[in-house]
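See below for the structure under consideration.
The values are calculated or read from the model by the stated rules, or taken from the named source; none is laboratory data. All of these numbers come straight from a predicted model, not from anything done at the bench. Ideal geometry is used to build each Cβ from the backbone, glycine not excepted, and the neighbour counts take in all protein chains shown.
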Amino acid sequence: MPKTIVTHSGSFHTDDVFAVAALLLKYPDAIVVRSRDTEVINKADIVVDVGLVYDPESKRFDHHQHGGAGVRGNGIPYASFGLVWKALGEDLAGQESAALIEEKLVMPIDAPDNGVSTYEQIFEDVRPYTIVDFIYSYFFNGYIKNKEQMYETFMTVVGVAKDLLKREISKSRERVGGMKTVREILETVSDKRIVVLESDLPWEPVLVPIPEATYVIYPRREGNWGVKGVPSTIKGFERKKLLPLEWSGLEGKELRAISGVSDSMFCHRNRFIAAAESKEGAVKLAELALNA
């Protein structure tokens, strides 16, 4: 088992924080050393974000060397977190879950570390508050006064990153299992226009590509049942078919009167979701909407 993980000293970044966090999930007893000393780096069991070498066989994960350490098919170069996740992700999370985390967390961290933007700023004075901003909130003048405090702060942030990674791994595994369940349900129904789920599952990645899938019925946390329009695309908000215009923004008695569904509760004014007290009521709403 590796005994030492070496990363660079000085300022820390989201890339090296999460790379070390992922390594500590795999090697929890390893000691983390922050140094740029060549002798220290050469003696380390694992080297991250320093050393100018990428060689997964010898556990060297730097991307600052001339030519970098590779570029993904979508154009985002690998930073050290991505290199570590490439080596350990499947072992830590499983193949499908690791791929979800790569898309959700790893690439958004690798991109800015390599000077690549992942979003278009629509408003001049408004931009997303990112995981990079969160990590940098731990690092500011006046709080860190010496290298000991820098190390303590770095390890504190690594602990936060470890916790986040563990939760994202658990969520991704749950998501993969949930999508499998949705696929199994689809195999049992001949009419896929209205899909009824007995639990709140990650249905969008499965149903969006199916042209006829229009509405999904699912139990809501409030104890009632929802009917939601299936989006036209994974990334968009547009629905294949909205709920009826005359239901827009109605609640309680008004919605019951116009829909004829005795336990209907509300319809969102943007018509992408409605709810009823029972599963049967939600199915009836979906059937009415489908034929409207």
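Things to note:
- Whichever residue in region 1-23 is polar (S, T, N, Q) and assigned to a strand (DSSP E or B) and, among such residues, is nearest to Val53 (Cα to Cα): Thr7
- Checked against (1) crowded, with 18+ Cβ neighbours inside 10 Å; (2) more than 26 Å from Asp163 (Cβ to Cβ), Arg36 passes all but a single condition, namely (1).
Every residue, every condition in (1) in contact (Cβ under 8 Å) with a residue 24 or more places away in the chain; (2) of a type outside the set (S, T, N, Q); (3) assigned by TED's automatic domain parsing to the domain that holds Lys166; (4) in contact with a Pro (Cβ under 8 Å, 6 or more places away or on another chain), yes or no:
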site: Arg36; (1), (2), (3), (4): yes, yes, yes, no
site: His64; (1), (2), (3), (4): no, yes, yes, no
site: Val71; (1), (2), (3), (4): no, yes, yes, yes
site: Gly75; (1), (2), (3), (4): yes, yes, yes, no
site: Lys86; (1), (2), (3), (4): yes, yes, yes, yes
site: Glu96; (1), (2), (3), (4): yes, yes, yes, no
site: Pro108; (1), (2), (3), (4): no, yes, yes, no
site: Val116; (1), (2), (3), (4): yes, yes, yes, yes
site: Ile122; (1), (2), (3), (4): no, yes, yes, no
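- Of residues in region 158-199 being among the hydrophobic types (A, V, I, L, M, F, W, C) and assigned to a loop (DSSP other than H, G, I, E, B), the one modelled with the highest pLDDT: Leu197
- Among the residues of region 216-230, the ones that are in contact with a Leu (Cβ under 9 Å, 6 or more places away or on another chain) and surrounded by fewer than 18 Cβ atoms within 10 Å (Cβ to Cβ) come to 1 in all.
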